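Peer 1: Supplied in structure tokens, the structure appears directly below.
The values are calculated or read from the model by the stated rules, or taken from the named source; none is laboratory data. In this text the structure is predicted, and so the values were computed from the model without any measurement. Cβ placement follows ideal geometry from the backbone for every residue including glycine, while neighbour counts extend to all protein chains displayed.
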């Protein structure tokens with residue numbers, strides 16, 4: 001059973017436990033002797049089953065059971081023991097001789113302990129759903145006070161007198177006050193311990209942390225060069241953000257936020273070693289706009305995080321980004337100001353860097369897949385993108401997931417190889433056939449194959465055809481560096497061949513029920529290769545991020561937030577590193593939703609997933625999907641000084657608190673803003 | 001105190017009805033994603049549980065009958081069931097998180113249980129009002145004891 005399934009099973013068992021105890025109490029109050037006895041038996045069995053489910057879950061790691069072992073089980077078993085001792089004998093006696101005294105089970109000594117056990121069991125559920133990881137003394141005391149208060153109220157309602165009621169009430173009130181105080185106090189204690197909260201704390205905290213050893217630099221000085229390296233060219237682009245109505249390939253018109261009136265924005269291309277210079281202008285996006293180079297390790301001042309590395313570019317303003325295209329591969333750019341809404345509305349585009357010295361050959365299609373106004377579009381095509389390709393031509397498909405949630409791709413009609421992930425080539429990728437490729441939000445896959453004699457079809461999510469390559473003469477539009485989104489002039493090609501409608505003769509042989517194809521396990525694909533560091537190395541910094549949901553202050557407002565270690569942005573302590581550190585990140589997903597984790601400015605090497613090291617090609621990623629119940633360990637060398645976002649790339653989760661900063665010692669920011677949520 | 005209890009029970013009912021409204025807002029939001037239901041989640045996981053607990057405390061303070069107190073905390077229990085329905089339904093999604101027939105069959109129960117929550121809140125509010133403003137006559141004693149009262 002997977003950890004995700006175990007988590008759900010444990011929740012079900014705990015709900016059954018709470019329902020059985022409380023049900024037994026209600027049945028007793030209603031004088032239903034036999035029902036009481038039956039539910040009592042169910043409650044005892046379910047409570048024991050709960051021990052098993054927690055133990056089973058503990059195998060996945062302490063993070064998954066911390067609040068259950070320290071709070072939920074102690075609550076449950078104290079209350080269950082009291083209930084069994086007090087109510088148990090009475091219930092059994094009444095059940096054996098129902099005629100003796102039909103009202104026996106209605107006694108407070110039966111009803112109150114049974115209901116009390118129900119409250120205690122329910123408190124564990126409330127803890128898991130509303131508070132989450134980690135349980136601490138403060139929240140435990142509050143829960144204890146609520147349970148005790150409920151027991152006292154029940155007792156008062158069922159019995160004529162309650163011995164020591166005043167003392168018990170006072171004790172409960174003290175527990176509640178103490179718990180509430182504890183919940184609010186540690187926030188400051190942590191800050192004093194040296195890990196500064198991110199908001200507004202950069203200058204002060206970093207200065208004190210670095211002391212006299214390191215010069216203090218502002219992130220605004222960490223910029224790209226003005227001149228390209230020797231042999232490189234300058235690639236100049238201008239992107240103007242403005243609202244516009246865009247026309248999709250079907251003719252459907254959609255109101256959008258665009259770069260230069262088109263979605264996606266103009267494709268940015270370069271050759272390795274070029275200097276990329278992009279002038280961003282804002283015409284009328286009132287909330288402001290920036291450019292973030294997703295997956296590209298640009299200098300921190302070029303990273304485009306408003307409120308951290310620059311101020312958002314407001315209408316009428318501009319900002320020039322300059323950086324050397326050092327990494328070849330498939331990347332993308334998007335706004336980071338109100339990024340959830342901004343990216344959804346269309347403020348994104350593709351960024352592809354060709355390797356130096358490689359002659360362009362064959363068909364090279366860049367395919368950003370986006371959900372736009374409720375439909376899946378590839379580039380600007382809401383219908384399949386159709387191309388004629390001569391058989392034998394090398395084809396490269398660059399898939400980019402610009403959405404908040406993963407997409408599953410299948411390629412039918414040809415064997416192929418997954419040659420690169422997140423812009424980095426894989427080592428000895430094998431031939432793939434009937435598999436599904438799950439692409440994380442923000443991630444990229446490059447697929448390569450030789451055009452077969454029949455059609456090749458790329459499907460998204462087993463439903464919509466994204467791309468259909470048909471054999472034919474060298475038609476329009478082949479060539480390298482072409483973007484499905486950028487070439488609005490290509491719509492004739494799409495229209496001529498893309499008329500939707502099944503054509504059974506043209507259907508590729510293996511193409512019909514792709515949903516049955518198993519998912520490719522990326523940790524076992526390709527061949528191992530030496531890596532610059534491994535899990536056996538000594539790590540200078542070791543950070544653990546436990547992802548969950550719970551009530552927390554997100555952006556200063558109480559919210560049912562997406563939390564990291566029980567807190568939401570900006571209350572999550574900043575991760576401090578020093579230049580040259582080898583850093584390990586452990587990311588644990590305790591929640592029910594997938595979290596595509598994305599660290600700015602660095603690619604991370606996957607050390608393990610659920611404790612198993614990759615057996616295939618080394619995986620160097622910038623976005624990795626941490627599914628419910630999964631534990632990922634990744635590592636990186638801190639070689640890109642600056643202030644960086646470290647966040648969930650489901651941008652709606654980031655909005656609700658799931659983001660933090662990773663800061664190099666001695667780097668400060670003059671900006672104190674809202675970081676693009 | 002009984003009037004305070006009735007007022008809080010009224011708020012609880014209003015929050016539960018508003019929750020249905022927010023569900024429709026989420027359902028019709030385009031483009032639809034996680035944030036479409038942000039308000040629904042916020043209201044459901046914070047406002048309604050808190051109101052349910054406060055109303056229960058008020059019911060106890062107002063010396064309402066035990067059964068009435070139990071009914072007042074029931075919305076909180078049913079909300080946990082709401083969350084469980086989502087958790088269990090999501091278990092049967094496919095690998096990319098898209099729903100399957102089975103997951104939809106389970107997730108659809110979210111609406112049925114939601115109606116049950118509104119029903120309970122409505123019942124609680126009606127009884128709380130009867131406690132606060134008892135109808136003159138013979139029925140008031142029944143109402144105080146939580147027995148059914150014929151509509152008048």
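Peer 1: Quick one: would you say residue A:334 is in the same structural domain as residue A:239 (by TED's automatic domain parsing), touching a strand residue (DSSP E or B) at 6+ places or on another chain (Cβ under 7 Å) and under 25 Å from residue A:254 (Cα atoms)?
Peer 2: Considered against the rule, which asks whether it is in the same structural domain as residue A:239 (by TED's automatic domain parsing), touching a strand residue (DSSP E or B) at 6+ places or on another chain (Cβ under 7 Å) and under 25 Å from residue A:254 (Cα atoms), residue A:334 comes out as yes.
Peer 1: Yes or no: residue A:422 crowded, with 23+ Cβ neighbours inside 10 Å, touching a strand residue (DSSP E or B) at 6+ places or on another chain (Cβ under 7 Å) and on the phi < 0 side of the Ramachandran plot?
Peer 2: no
Peer 1: Please work out if residue A:407 is within 14 Å of another protein chain (Cβ to nearest Cβ), farther than 16 Å from residue A:256 by Cβ and crowded, with 23+ Cβ neighbours inside 10 Å.
Peer 2: The answer is yes for residue A:407.
Peer 1: Let me ask you something else. Considering only residues that are within 14 Å of chain B (Cβ to nearest Cβ) and assigned to a strand (DSSP E or B), which ones fall in the range A:588-633?
Peer 2: A:589, A:595, A:596, A:625, A:626
Peer 1: Can I ask one more? Could you look through the range B:57-75, keep only residues that are crowded, with 18+ Cβ neighbours inside 10 Å and within 8 Å of another protein chain (Cβ to nearest Cβ), and pick out the one that is modelled with the lowest pLDDT?
Peer 2: So, considering only residues that are crowded, with 18+ Cβ neighbours inside 10 Å and within 8 Å of another protein chain (Cβ to nearest Cβ), the one modelled with the lowest pLDDT is B:66.
Peer 1: Which residue pairs have Cβ atoms closer than 6 Å, lie 6 or more positions apart in sequence or on different chains, and pair a first residue in the range A:162-181 that is closer than 12 Å to residue A:149 by Cα with a second residue that is part of a helix (DSSP H, G or I)?
Peer 2: That search, which allows pairs on different chains as well, returns A:168/A:152; A:172/A:145; A:172/A:148; A:172/A:149; A:175/A:141; A:175/A:144; A:175/A:145; A:176/A:145.
Peer 1: For residue A:80, indicate whether it is touching a helix residue (DSSP H, G or I) at 6+ places or on another chain (Cβ under 7 Å), in contact (Cβ under 8 Å) with a residue 40 or more places away in the chain, under 19 Å from residue A:50 (Cα atoms) and more than 14 Å from chain B (Cβ to nearest Cβ).
Peer 2: yes
Peer 1: Residue by residue through the range A:340-363, note down the ones that are surrounded by fewer than 21 Cβ atoms within 10 Å (Cβ to Cβ) and under 20 Å from residue A:376 (Cα atoms).
Peer 2: Once the filter is applied, which keeps residues that are surrounded by fewer than 21 Cβ atoms within 10 Å (Cβ to Cβ) and under 20 Å from residue A:376 (Cα atoms), the range A:340-363 yields A:340, A:341.
Peer 1: Tell me which residues, restricted to the range A:408-434, are over 23 Å from residue A:391 (Cα atoms), under 27 Å from the mean Cα position of the chain (by Cα) and in a loop (DSSP other than H, G, I, E, B).
Peer 2: A:422, A:423, A:426, A:427
Peer 1: Hey, can you tell me all the residues within the range A:286-314 that are part of a loop (DSSP other than H, G, I, E, B) and surrounded by fewer than 24 Cβ atoms within 10 Å (Cβ to Cβ)?
Peer 2: Result: A:286, A:287, A:288, A:297, A:299, A:307, A:311, A:314.
Peer 1: Looking at the range A:33-46, can you tell me whether even one residue there is within 12 Å of chain B (Cβ to nearest Cβ) and in contact with a helix residue (DSSP H, G or I) (Cβ under 7 Å, 6 or more places away or on another chain)?
Peer 2: Checking the range A:33-46: not a single residue is within 12 Å of chain B (Cβ to nearest Cβ) and in contact with a helix residue (DSSP H, G or I) (Cβ under 7 Å, 6 or more places away or on another chain).
Peer 1: Just the residues that are surrounded by 15 or more Cβ atoms within 10 Å (Cβ to Cβ), farther than 16 Å from residue A:12 by Cβ and more than 10 Å from every other protein chain (Cβ to nearest Cβ), please, taken from the range B:94-109.
Peer 2: Within the range B:94-109, B:99 is the sole residue that qualifies.
Peer 1: Do we find a residue being within 14 Å of another protein chain (Cβ to nearest Cβ), over 20 Å from residue A:295 (Cα atoms) and modelled with pLDDT of 90 or more anywhere in the range A:422-442?
Peer 2: Within the range A:422-442, one or more residues are within 14 Å of another protein chain (Cβ to nearest Cβ), over 20 Å from residue A:295 (Cα atoms) and modelled with pLDDT of 90 or more.
Rundown of residues vs (1) crowded, with 24+ Cβ neighbours inside 10 Å; (2) farther than 22 Å from residue A:221 by Cα, yes/no style:
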| position | (1), (2) |
| --- | --- |
| A:592 | no, yes |
| A:596 | yes, yes |
| A:611 | no, yes |
| A:626 | no, yes |
| A:640 | no, no |
| A:647 | yes, yes |
| A:663 | yes, no |
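Peer 1: Kindly indicate the residue of the range A:228-258 that is in contact (Cβ under 8 Å) with a residue 40 or more places away in the chain and out of contact with any strand residue (DSSP E or B) (no Cβ under 7 Å at 6 or more places or on another chain) and also nearest to residue A:344 (Cα to Cα) among those meeting that condition.
Peer 2: Taking the candidates together, the pick is A:252.
Peer 1: Okay, next question. Within the range A:133-212, which helices (runs of 4 or more DSSP H) (wholly inside it) include 1 or more residues that are at pLDDT 85 or above?
Peer 2: A:137-158, A:165-184
Peer 1: Limited to the range A:352-387, what total is found for residues that are more than 14 Å from every other protein chain (Cβ to nearest Cβ), within 27 Å of residue A:327 (Cβ to Cβ) and assigned to a strand (DSSP E or B)?
Peer 2: Number of matching residues: 11.
Peer 1: Quick one: count up the residues across the range A:634-644 that are touching a residue at least 60 places away in the same chain (Cβ under 8 Å) and outside any loop (DSSP other than H, G, I, E, B).
Peer 2: Residues in the range A:634-644 being touching a residue at least 60 places away in the same chain (Cβ under 8 Å) and outside any loop (DSSP other than H, G, I, E, B): 4 in total.
Peer 1: Which of the residues that make up the range A:645-663 are assigned to a strand (DSSP E or B) and more than 12 Å from chain B (Cβ to nearest Cβ)?
Peer 2: A:645, A:646, A:647, A:659, A:660, A:661, A:662, A:663
Peer 1: Among the residues in the range A:613-622, are any under 26 Å from residue A:549 (Cα atoms) and surrounded by 22 or more Cβ atoms within 10 Å (Cβ to Cβ)?
Peer 2: yes
Peer 1: Name the one entry in B:54, B:50 that is within 10 Å of chain A (Cβ to nearest Cβ) and within 19 Å of residue A:129 (Cβ to Cβ).
Peer 2: The match here is B:50.
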